[in-house]
1. Roll a 1.4 Å probe over the protein chains and send me the accessible area per residue for the chain in Å².
2. Helix 175-187 versus the longest principal axis of the chain: what is the Cα-based angle in degrees, 0 to 90, to the nearest 10?
3. Given LEU172, VAL105, VAL186, which one lies farthest toward the positive end of the charge dipole of region 99-199, if we put +1 on the Cβ of every Lys and Arg and -1 on the Cβ of every Asp and Glu?
4. Just going by the charge dipole of the chain, with Lys and Arg at +1 and Asp and Glu at -1 on Cβ, which of ILE44, ALA22, VAL258 is farthest out on the positive end?
5. Applying a 10 Å radius around every beta-carbon, put 306-314, 133-141 in order of their mean neighbour count, most first.
6. Relative contact order for region 77-159 using alpha-carbon pairs under 8 Å, separation at least 6, rounded to a whole percent?
7. Computing the accessible area with a 1.4 Å probe over protein heavy atoms, can you report the carbon and sulfur percentage for the chain?
8. Averaging sequence separations of C-alpha pairs under 8 Å and six or more residues apart, then dividing by the length of region 80-214, give the relative contact order as a whole percent.
Amino acid sequence: MPMHDDDAGTKPPLVSPWVVGALVFSGLVAALVTYKASGSLETIARVQASHALAPRSEALAMAGQSAAILPLLRTANYLAIVWPALVFGILIGAAVRAVVPSAWVARLLGGSPLRSQLVGGLAGAPLMLCSCCIAPVFAAVQERTRRAGPAAALMLASPSLNPAALVLTFLLFTADVAWVRLAMAVVLVFGVSLLAARCLPAAQAAPTACALEAVPPRGLGEVLVAFSGEAWRLARTTLPFIFAGVLASSLLVEVVPVSRLREVPFRVAIVVLVALVSVPIALPTFAEIPLALGLLAAGAPPGAAVALLIAGPAINLPSLLTVSRTTTPRHALALAGGTLLVALAGGMLV
């Protein structure tokens, strides 16, 4: 019997759209880990050879420029460094929204709060993204799960438990500084994220289905369309807040440069001020390390370096604005306040 057009239209695809979705998601994560790991291993090798870590070179020279345009130049230099990682953050967040089945999300991030916090933190650490670049992934995970605790654990773990940054800290700083950074990072990722989530009201909405579940696909093209649509929606809803936060952070650095805080006459006050400034400023991966080394070389107390190493990478204005938009301003303030307290505690311990 000849096949009619209607019969041909219902013929299943040779490859399941869910398989394609799994390949898209796992491929993006594998590509990001490979990209970050290769650069990190090169940096570690250079540090082992030279016992020093120099700041990254600037795409746009800032020396001799007028004070009015310095924040814009600083913003452009920052984005020139982080844009590949930011693209990865958008794409992985879009994959979480578009192609990760609800059963996977429930299996990984469901269950007890302690278990979900642990899974969120362990999932974030290998990504090694800075706070700005992991923010879109936070938005996607929080939307899918309606659980801010594991989403925040993932967001904080990516910069705070970055294994390469921790290795560099042990290579370049004394053992007490390195161990306190590691211990406080664990407290921040698994403790502060859980406590901050208590500032949110009980979830009123059920976890959202991914795009492929909302509209079951009939072909591979629909998978790509769903993924592209989620990437555009995530970029449209997060990038304006990230860019605004980076610019505001650049303005803050011009007003209160971290390197000048060492001139404060009281050592405890230096630690407090460094922690306060380190929470909002936007730093690319590893940038906190040469800044902290510079503070020590200029005579600042070790506690100030520790506060910077803890708070500097963990969170910043761009990620806080994204958190505020995705959850509530109160939740964002709780994460910022918790990060500040942990940084102060680490600084006082040294």
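1. 45
2. With rounding to tens, the tilt is 40 degrees.
3. VAL105
4. Ranked along the dipole, the leading option is VAL258.
5. 306-314, 133-141
6. 40
7. Reported share for carbon and sulfur atoms: 70 percent.
8. Dividing the mean separation by the residue count of region 80-214 yields 32 percent.
The values are calculated or read from the model by the stated rules, or taken from the named source; none is laboratory data. Everything quoted here is computed from the prediction, not taken from an experiment. Quick reminder, even Gly has a Cβ in these numbers, built from the backbone with ideal geometry, and neighbours come from all protein chains shown. Areas reflect the complete protein model, heavy atoms only, side chains present, ligands, DNA and RNA absent. Shrake-Rupley method; radii C 1.70, N 1.55, O 1.52, S 1.80 Å.
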